[in-house]
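The values are calculated or read from the model by the stated rules, or taken from the named source; none is laboratory data. Quick caveat, the model's predicted, so the values are computed rather than measured. Here the Cβ positions follow ideal geometry from the backbone for every residue, glycine too, while neighbour counts run over all protein chains shown.
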Ligand SMILES: Cc1cc2nc3c(=O)[nH]c(=O)nc-3n(C[C@H](O)[C@H](O)[C@H](O)COP(=O)(O)O)c2cc1C
């Protein structure tokens, strides 16, 4: 039986031990990415970009960069998520597509495209970076839930040397690094993690 959404969010845990024998096909990885990219993004610019690492030799090269975390070698794939700081250059293509499939009228597109390009092109670099990191975080979360719904496990990883990663994998300068996500089949159950209560993290209506 298909897991419900609530099963998926309750049963996703960061898994750090993977069965190295389990391979996920490129087609299924692509399908998961397609589902993940249904996530929302600022002005629908979809700045997320992915590097899918499935070659065993490439995973071995990644291991020291990820400070020896074994999951990058044993998981079926490690997906590096980036935010393209030049994604606004795709505005016309994205909005044309919306017109072609009847989701937007031509006049709206003609009004919005130059306005969006002008806005995004002139953003202070830190603001632009913040936007793509937020969008990159949303697609990353969606990818982890999608993977769980497909019967796989994941762990998000920020524990790696981003400078060495950029050099080793030839990451373009315009790609802000969001996180790595290992995807595979758990070899050992994840340890569960506690949460702050909603009351501890929530204020209603106004900060005093
Ligand atoms: C941005 C980010 C970076 C993380 N980096 C690592 C990492 O490098 N290695 C690791 O084992 N877990 C890493 N984690 C996983 C967290 O430790 C984990 O999500 C947290 O303890 C909650 O556990 P859960 O994911 O099982 O609910 C990271 C999580 C996030 C969101």
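Here are a few things to note about the model shown:
- Residue in the stretch 162-176 that is under 30 Å from residue 5 (Cβ atoms) and crowded, with 17+ Cβ neighbours inside 10 Å present: yes
- Test: residue 168 is more than 16 Å from the ligand (Cβ to nearest atom) and either outside any loop (DSSP other than H, G, I, E, B) or within 26 Å of residue 19 (Cα to Cα) (or both): yes
- Qualifying residue in the stretch 148-161 (condition: in a helix (DSSP H, G or I), more than 26 Å from residue 86 (Cβ to Cβ), in contact (Cβ under 8 Å) with a residue 24 or more places away in the chain and touching a helix residue (DSSP H, G or I) at 6+ places or on another chain (Cβ under 9 Å)): yes
- Within the stretch 178-208, being surrounded by 11 or more Cβ atoms within 10 Å (Cβ to Cβ) and away from the ligand (no atom under 11 Å from the Cβ) holds for 183, 184, 185, 186, 187.
Results for (1) modelled with pLDDT of 95 or more; (2) in contact with a strand residue (DSSP E or B) (Cβ under 7 Å, 6 or more places away or on another chain); (3) crowded, with 19+ Cβ neighbours inside 10 Å, shown as yes or no for each residue.
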| position | (1), (2), (3) |
| --- | --- |
| 47 | yes, yes, yes |
| 52 | yes, yes, no |
| 61 | yes, no, no |
| 74 | yes, yes, yes |
| 81 | yes, yes, yes |
| 107 | yes, no, no |
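- In the stretch 126-142, residue farthest from the chain's Cα centre (by Cα) [restricted to those that are touching a residue at least 24 places away in the same chain (Cβ under 8 Å) and more than 16 Å from the ligand (Cβ to nearest atom)]: 128
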